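Structure record follows, encoded as structure tokens.
Since every read-out is calculated from the coordinates, none of them should be taken as a lab result. What you see is a predicted model; the values in this text were computed from it and never measured. Note that each Cβ is placed from the backbone with ideal geometry, even for glycine, and that neighbours are counted across all protein chains shown.
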Amino acid sequence: MLLAVLCMIGVDVSAKWLSADYALAQIVFVRGLLAIISLLSLFAIMGRLPELRMQQPAVHGLRSLLSTGAIFGFFFALANLPLAEAVTIAFAAPLLVSALSQPLLGEHVGARRWAAVFVGFVGVLIVLRPSASLFNPAALAALGATICYAFLVLTARVFSRTESAASLALYPFVIPTVLGALLVAGDWRSPTAFDWIPFVLCGMFGALAYLAMNRALALAQPALLAPFEYVCLVGAIAAGYLIWNEIPDVTALTGAAIIVASGMYVIHRESRPSAAAGLPAAGPQGPKI
């Protein structure tokens, strides 16, 4: 899980670095293409290519559309927001998953968990600063990406019963990669030899993060692993300061503390024996697919 978290930070830093010189569509296209190549190569080596057969193609189409919103929205936010602020908004995803698990999955969500979800969204509003930046496109893009990712997690929880882990990993990259290729067709900028490094790292980190996280989830309960993901927020703050001299203000840190506390409480509630009978907790995963 720690390896997955480090890779998530690597994706964020690489994408933000590239956004200073390259179009959003080009970053999404190259990153997606490299991730697809990495996953296909790995599945071929492991003899898992037959697992890519789709049982429900419409489901994979829907998930790829959700992935498109998550990737484009979050990468746009990374280009226009401090790294820590974008990552903080993304940590609203587990709260959304918890809130939507009752109407969409039929899971029981008690009053205490609803209260934790409500408090967590108060933290999101603090980070968004409604009085100053409610209509900030980057902040709204981060929130939209988080919503898309929450639905991506929920669909994975539902359709993992019929679809293989390999197919659920690969196909979310397809539509955003194709759309990125179409959008960048007339705005392609040839990367320098040095810039290919963050491009390659962005794609490989994305694929490795997903594989490492799924391996961790196969070895331990999600509720046990989820707290490790908050290391991503610490890493985002450190990277933002060291690379871009970004220092989170008191308002952003307060909102982050509220979101983390709410998320930890949700994880605690879902790890109780009474919750174990249902589907596992989604964990505080941001939109990193």
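Would you order His60, His268 from fewest to most other beta-carbon atoms within 10 Å of each residue's own beta-carbon?
With the sparsest Cβ surroundings first, the list reads His268, His60.
When the gyration tensor of the chain is built from Cα positions, what are the square roots of 5 times its three eigenvalues, in whole Å, from largest to smallest?
Values for the chain, descending: 27, 25, 16 Å.
Which of the peptides 37-49, 202-214 is most tightly packed, and how do the rest follow, judged by the mean count of other Cβ atoms within 10 Å per residue? Walk me through the numbers on the way to the answer.
Values: 37-49: 13.8, 202-214: 22.5.
Going from most to least packed, we get 202-214, 37-49.
Between Asn136 and Ser41, how many nm apart are label points set 7 Å from Cα along the C-beta direction?
Modelled inter-label distance: 3.8 nm.
Which residue, Leu78, Leu96, Leu179, has the most motion in a Gaussian network model of the chain that connects Cα atoms within less than 10 Å?
Looking only at Leu78, Leu96, Leu179, the biggest GNM fluctuation is shown by Leu179.
Please arrange Leu125, Leu242, Leu65, Leu201 by how many other C-beta atoms lie within 10 Å of their C-beta, fewest to most. Display every interim value, and only then the final one.
Numbers: Leu125 13, Leu242 10, Leu65 17, Leu201 21.
Exposure proxy ranking, most exposed first: Leu242, Leu125, Leu65, Leu201.
Kindly put Phe121, Phe199, Phe173 in sequence by how many other C-beta atoms sit within 10 Å of each C-beta, fewest to most.
Phe121, Phe199, Phe173
Using a 10 angstrom cutoff on alpha carbons, build the Gaussian network for the chain and name the most mobile of Ala20, Ala261, Ala84.
Sorting by GNM fluctuation, first place goes to Ala20.
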